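A short write-up of the structure that comes next.
The values are calculated or read from the model by the stated rules, or taken from the named source; none is laboratory data. Note that this is a predicted model, so its numbers are computed, not measured. Positions of Cβ are backbone-derived with ideal geometry, glycine not excepted, and every protein chain shown enters the neighbour counts. Just so you know, the surface numbers come from the protein's heavy atoms only, side chains and all, with ligands and any DNA or RNA stripped out. Shrake-Rupley method; radii C 1.70, N 1.55, O 1.52, S 1.80 Å.
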Amino acid sequence: MTRGYRIQRVQDADPVVDLRSMLRSVFGLGRSAAEPATRRAEGSVCFAAIADKRMVGSVTLQPPAARRGGGWRPAVARLVRMDVDAEHEKLGCPQALLDVARIWASASEYDALEVSVPAAPVGVVDFYLANGFHIVSSSHDAGSRRLNVVLSLKLAESRPHSDAWYSKHHGAWFASMTRH
């Protein structure tokens, strides 16, 4: 348990309908927003932050093979979505979810982790920059003025602690993360 929540992997056997319900109820996503989020989760790796038997945060990672239409280098995993409720944002949940994403991608032998986020609000880009990511490109969404920024993290350089530290502090959880 970390600061009132725990992080667990959403297993392939977990019904997608449950993920869709969680996305709608926890994050207030309407039906139209939850559907694409659920489709992204299929074939991806998802981790959920759980507090009091409810999802309070999640991170979804997409291995290159799960991407349709390419666009990402084969040795790069993509962080496609991170959501955290407001209460748990203050408790370090975004950092814990990003740490899990790093560990999974590193253990899965990816060279880098990339994320595309809106340039505004600035705090989102600053969060990734503070965690060692570098801006690699930016572009406007088709038909809108919204600027997106693509950030990349080289995993060999990003590991904040050794495997021994993770094993000591996270025990069986870390062991299950590093198994393929």
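Taking segment 88-126 as the range and being open to solvent by 50 Å² or more (accessible area, probe 1.4 Å) and either among the polar types (S, T, N, Q) or at pLDDT 95 or above (or both) as the test, only Q95 passes.
Restricting to segment 130-161, give me the number of residues that are open to solvent by 30 Å² or more (accessible area, probe 1.4 Å) and either assigned to a loop (DSSP other than H, G, I, E, B) or farther than 18 Å from V59 by Cβ (or both). The number of residues fulfilling the criteria is 21. Contact annotation: no residue pair with Cβ atoms under 9 Å, 6 or more positions apart or on different chains, pairs a residue in segment 110-130 that is at positive phi with a partner that is open to solvent by 10 Å² or more (accessible area, probe 1.4 Å) and of a type in the set (F, W, Y).
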